[in-house]
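The values are calculated or read from the model by the stated rules, or taken from the named source; none is laboratory data. Keep in mind that what you see is a predicted model, and the values were worked out from it rather than measured. Positions of Cβ are generated from backbone atoms using ideal geometry, with glycine treated the same way; all protein chains shown enter the neighbour counts.
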Amino acid sequence: MRVFYSPRYYADIGDSHIFPIRKFELVRDRLLNEGTLTSDEIVEPRPATPDEVLLVHTNDYISRLCEGQLTSREIRRLGLPWSKALVQRSFFAVGGTIAATRVAVEEGYGSNLAGGTHHAFADRGEGFCVLNDVAVAIRSLRREGLFERVAIVDCDVHQGNGTAQIFAEDPQTFTFSMHGANNYPLFKAQSNLDIELPDGTDDDQYLDMLSRSLTKVLEHEPEIIFYLAGADPYAGDKLGKLALSIDGLRTRDALILRKCFESELPVVTVMSGGYGKILDDTIEIHCNTIRTVKDIFEPVLASQRSA
């Protein structure tokens with residue numbers, strides 16, 4: 001198993017910021033300490049290149065982002081303080097998703113311990129999302145001819161508005177977002193399939209709706225799935241408004257990942273949001289995604305390698 005992580009996923013945004021930027025490191029540490037992953041299975045990606053990022057984002061935005069010339073309004077909309085370290089972490093996180101995608105094509109699954117920055121538009125960042133890592137990975141590896149038809153299964157509690165707009169005119173990319181109806185962003189973009197959930201949606205309601213929606217996603221006949229495994233539908237999330245349990249979210253992971261496995265579809269997992277009132281809960285939810293990937297994919301693939 002190859003899981004992508006870099007210490008450069010961290011940037012100093014202030015200890016009081018609601019975005020728990022230390023979670024990437026803490027997820028890595030827990031997976032190592034409990035033995036789910038070995039040090040050999042955690043690989044540091046290279047940063048995305050400007051050429052790769054410009055397949056999605058405008059030259060004007062990237063130039064001003066890198067040079068520290070975003071306007072105060074753009075920084076407020078982004079919700080993160082600009083720094084060279086923030087730019088660096090953003091390019092490395094995109095690189096992690098590109099690398100995980102390449103591994104998924106080769107081996108059936110790949111995971112990035114960051115990513116899922118689905119509020120980033122072509123010409124701006126929003127909602128703690130600087131660059132749209134999944135969109136860059138899709139366009140970069142599609143350019144290499146590794147796949148054409150793609151589906152994005154976005155289970156962050158907030159709608160993937162940037163992703164929806166980037167691929168609005170792309171019939172080869174199916175965007176599915178399952179999110180809180182009364183949550184950020186105020187003005188939603190239009191995905192190919194949007195499921196808007198009322199406040200207080202619980203495990204059973206969520207999982208029933210997700211199961212039925214996955215059938216529609218697979219009708220697109222994708223060659224690869226990108227799964228945004230947000231931790232923020234959790235009942236204990238500061239920003240979530242839904243009522244899923246930790247066990248319910250692990251069942252969500254298993255439902256999606258097993259469907260990919262049974263359909264022989266490569267899958268890329270990225271972390272997306274998570275703002276638990278108790279940080280340890282967010283870490284556990286993100287770790288469960290990787291545990292579930294390993295539970296579903298590793299036994300069969302290991303037996304195939306030894307046959």
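Some observations on this one:
- Boolean, ARG46 is at pLDDT 95 or above, farther than 26 Å from VAL27 by Cβ, surrounded by fewer than 18 Cβ atoms within 10 Å (Cβ to Cβ) and of a type in the set (Lys, Arg): no
- Any hit, the range 29-39, residues being assigned to a loop (DSSP other than H, G, I, E, B), closer than 21 Å to ALA104 by Cα and in contact (Cβ under 8 Å) with a residue 60 or more places away in the chain: yes
- Criterion: touching a strand residue (DSSP E or B) at 6+ places or on another chain (Cβ under 6 Å) and at positive phi - qualifying residue of GLY110, GLY96, GLY79, GLY116: GLY116
- In the range 59-69, the qualifying residues are those that are in contact (Cβ under 8 Å) with a residue 24 or more places away in the chain and of a type outside the set (D, E, K, R), and the one that is nearest to PHE19 (Cα to Cα) is LEU65.
- Residue within the range 74-94 that is of a type in the set (Gly, Ala, Ser), surrounded by 19 or more Cβ atoms within 10 Å (Cβ to Cβ) and touching a residue at least 60 places away in the same chain (Cβ under 8 Å) present: yes
- Consider the range 130-141 and keep the residues that are closer than 23 Å to VAL293 by Cβ and over 11 Å from the mean Cα position of the chain (by Cα). The one that is surrounded by the fewest Cβ atoms within 10 Å (Cβ to Cβ) is LEU141.
- Residue match in the range 221-234 (condition: hydrophobic (A, V, I, L, M, F, W, C), surrounded by fewer than 23 Cβ atoms within 10 Å (Cβ to Cβ) and closer than 23 Å to ARG28 by Cα): no
- Output for the range 124-154, where each listed residue is over 23 Å from VAL217 (Cα atoms) and free of Cβ contacts under 8 Å to residues at least 12 places away in the same chain: GLU144
- Conditions (1) within 30 Å of ASP12 (Cβ to Cβ); (2) among the acidic types (Asp, Glu); (3) under 18 Å from the mean Cα position of the chain (by Cα); (4) surrounded by fewer than 23 Cβ atoms within 10 Å (Cβ to Cβ); number of the one not met by ASP123: (3)
- Residue under evaluation GLU196, criteria (1) out of contact with any Lys or Arg (no Cβ under 7 Å at 6 or more places or on another chain); (2) touching a residue at least 60 places away in the same chain (Cβ under 8 Å), criterion not met: (2)
- Whenever a residue of the range 203-224 is at positive phi, its partners that are outside any helix (DSSP H, G or I) and not acidic (Asp, Glu), lying with C-beta atoms within less than 7 angstrom and at least six residues away or across chains, give the pairs GLU221/ARG149.
- Test result for LEU255, in a helix (DSSP H, G or I), surrounded by fewer than 20 Cβ atoms within 10 Å (Cβ to Cβ) and either touching a residue at least 24 places away in the same chain (Cβ under 8 Å) or of a type outside the set (D, E, K, R) (or both): yes
- Residue match in the range 112-123 (condition: closer than 28 Å to GLU298 by Cα, part of a strand (DSSP E or B) and either free of Cβ contacts under 8 Å to residues at least 60 places away in the same chain or out of contact with any His (no Cβ under 8 Å at 6 or more places or on another chain) (or both)): yes
- When residues of the range 267-283 are limited to those that are assigned to a loop (DSSP other than H, G, I, E, B) and under 15 Å from the mean Cα position of the chain (by Cα), the one farthest from CYS155 (Cα to Cα): TYR275
- TYR275 vs. criteria of a type outside the set (S, T, N, Q), buried (at least 23 other Cβ atoms within 10 Å of the Cβ) and modelled with pLDDT of 95 or more: no
- Positions within the range 97-111 being within 23 Å of PHE19 (Cβ to Cβ) and not in a helix (DSSP H, G or I), in sequence order: SER111
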